[in-house]
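This report concerns only the one structure given below.
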Amino acid sequence: MNGPEIHVEFAPELHLFVPRARPTGAARAATDGVSTLGHVVESLGVPLTEVGTLLVDGREVPPGHVPTGGESVSVRPVEHPQRVPGAPLRFLLDVHLGTLARRLRLLGVDTAYESTDLGDPALAALSAAEKRVMLSRDRGLLRRRELWAGAYVYGNRPDDQLQEVLDRFRPELLPWTRCTACNGLLEEATKEEVADQLKGGTERSYDVFARCRACGRAYWKGAHHEQLEAIVEAALRRGTQGG
């Protein structure tokens with residue numbers, strides 16, 4: 001694309017997407033009088049899911065603005081907490097975020113996840129059909145126009161990823177209410193109702209159980225409960241501090 005150029009400056013939070021703009025965060029892009037500013041920003045490497053306000057010569061413009069040569073553009077990140085209007089806040093995670101999915105479900109956050117790779121078109125279509133926020137580290141997926149909404153997951157470690165999602169979206173937390181395996185809702189269950197899933201030691205040692213309404217999986221405070229409790233307590237504490 002050849003034509004008059006615009007000056008584009010990216011906020012520090014977005015520099016990782018734009019290697020050519022480092023270290024100053026500034027880049028130049030040609031305009032053709034047709035392509036939108038949103039298209040130009042994405043062509044430079046930044047998914048629009050990560051873009052908050054776009055300023056052209058100091059005034060706010062929509063992504064559909066068609067830039068002209070000589071304009072100075074400032075690209076700011078999404079504000080936290082991010083509000084996603086139009087549907088209850090719920091998520092869809094790609095195949096690489098299984099641990100994050102289980103932790104969000106542990107906290108009672110409605111989180112869809114498939115352990116098999118559905119492919120970008122199917123994930124984008126599912127996001128739109130169920131009005132779920134797509135969480136991914138795949139920039140190409142996040143640039144798909146069919147998405148209902150999306151967010152890039154910056155962290156590599158599950159602890160960091162969970163903290164990031166909670167800080168960005170501030171979802172309502174209802175720990176111990178969802179099945180970590182399938183996302184179904186849990187209900188109280190008697191020992192007799194889940195007896196077929198218990199080994200001898202478990203049956204003798206525990207009396208309080210829950211069962212998933214969707215897949216029937218049984219839950220109790222087993223050997224890993226303290227580790228899970230620590231994740232829950234840290235998330236609730238952070239939510240209180242964050243307001």
Identity of the residue in the stretch 28-52, open to solvent by 30 Å² or more (accessible area, probe 1.4 Å) and assigned to a helix (DSSP H, G or I), that ends up farthest from residue 71 (Cα to Cα):
48
Going by the structure shown, is residue 57 open to solvent by 30 Å² or more (accessible area, probe 1.4 Å), at pLDDT 95 or above, charged (D, E, K, R) and more than 25 Å from the chain's Cα centre (by Cα)?
yes
Sole residue being of a type in the set (A, V, I, L, M) and not in a loop (DSSP other than H, G, I, E, B), chosen from 55, 89:
55
Among the residues that make up the stretch 18-27, is at least one of them out of contact with any strand residue (DSSP E or B) (no Cβ under 8 Å at 6 or more places or on another chain) and open to solvent by less than 20 Å² (accessible area, probe 1.4 Å)?
no
Hits in the stretch 58-86 - residues which are part of a loop (DSSP other than H, G, I, E, B), over 22 Å from residue 173 (Cβ atoms) and either of a type in the set (Gly, Ala, Ser) or in contact with a strand residue (DSSP E or B) (Cβ under 9 Å, 6 or more places away or on another chain) (or both):
58, 62, 63, 64, 65, 67, 68, 69, 70, 71
Can you tell which of 170, 178 is touching a helix residue (DSSP H, G or I) at 6+ places or on another chain (Cβ under 8 Å) and open to solvent by 80 Å² or more (accessible area, probe 1.4 Å)?
170
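Yes/no per residue for (1) open to solvent by 10 Å² or more (accessible area, probe 1.4 Å); (2) farther than 22 Å from residue 44 by Cα; (3) within 14 Å of the chain's Cα centre (by Cα):
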| position | (1), (2), (3) |
| --- | --- |
| 92 | no, yes, yes |
| 96 | yes, yes, yes |
| 101 | no, yes, yes |
| 104 | no, yes, yes |
| 111 | no, yes, yes |
| 117 | yes, yes, no |
| 131 | yes, yes, yes |
| 145 | yes, no, no |
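The values are calculated or read from the model by the stated rules, or taken from the named source; none is laboratory data. What you see is a predicted model, and the numbers here were worked out from it, not measured in a lab. So basically every Cβ, Gly included, is an ideal-geometry build from the backbone, and we count neighbours across all protein chains shown. We work out accessible area using only protein heavy atoms, side chains counted, and drop any ligands, DNA or RNA first. Shrake-Rupley method; radii C 1.70, N 1.55, O 1.52, S 1.80 Å.
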